[in-house]
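Right, one structure below, let's go through it.
The values are calculated or read from the model by the stated rules, or taken from the named source; none is laboratory data. Source: prediction; values computed, not measured. When the accessible area is computed, the model is the full protein with side chains, heavy atoms only, and any ligands, DNA or RNA have been set aside. Shrake-Rupley method; radii C 1.70, N 1.55, O 1.52, S 1.80 Å.
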Amino acid sequence: MVDRLSKAERSALMSRIRGKDTVPERTVRSMLHRMGARFRLHRADLPGRPDIVLPRHGLVIFVHGCFWHRHAGCKHASTPSTRRRYWQAKFEGNVARDRRDQRRLRALGWSVMTVWECELRRPERVSARLARRLGS
Ligand SMILES: [Zn+2]
């Protein structure tokens, strides 16, 4: 089977998926807005540039796509059938980087929360989790 994506197409796809302002991120942000939480976005001075930073709560939130960040046990974390080695190396790199960033953030005293894209199909659950964490 031939891999139908050219290199340019794939990197365009990736940059879109890993862009700063994805729909899942906007969803989480609007939940936080409704709770009246104050937050900042993509703080470049923190490991991994967390998507959302809530300084008052000592909390950083990553909104992760299941495919790129390999949500364990999730059906969206499939591996393409072509060029498996390429994909596996890429995925392993992503997972290792996430782990390292989270370890560094915890070492700096932050608590780290990950919201997976698939969880946003049940927004009320994510929203309840956030509310619990923010103590509101
Ligand atoms: Zn998932």
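Measure off, as a whole percent, the carbon and sulfur share of the 1.4 Å-probe accessible area of the range 45-122, all protein chains present.
Values: 2030 of 4350 Å².
The C+S portion of the solvent-accessible surface of the range 45-122 is 47 percent.
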Problem set entry | Evaluated over the range 7-134, the Cα radius of gyration and Dmax, each in Å | 15.1, 46
Problem set entry | Base-10 log of normalised Debye intensity for the range 26-86 (one unit scatterer per alpha-carbon) at q = 0.12, 0.13, 0.23, 0.29 Å⁻¹ | -0.43, -0.49, -0.94, -1.17
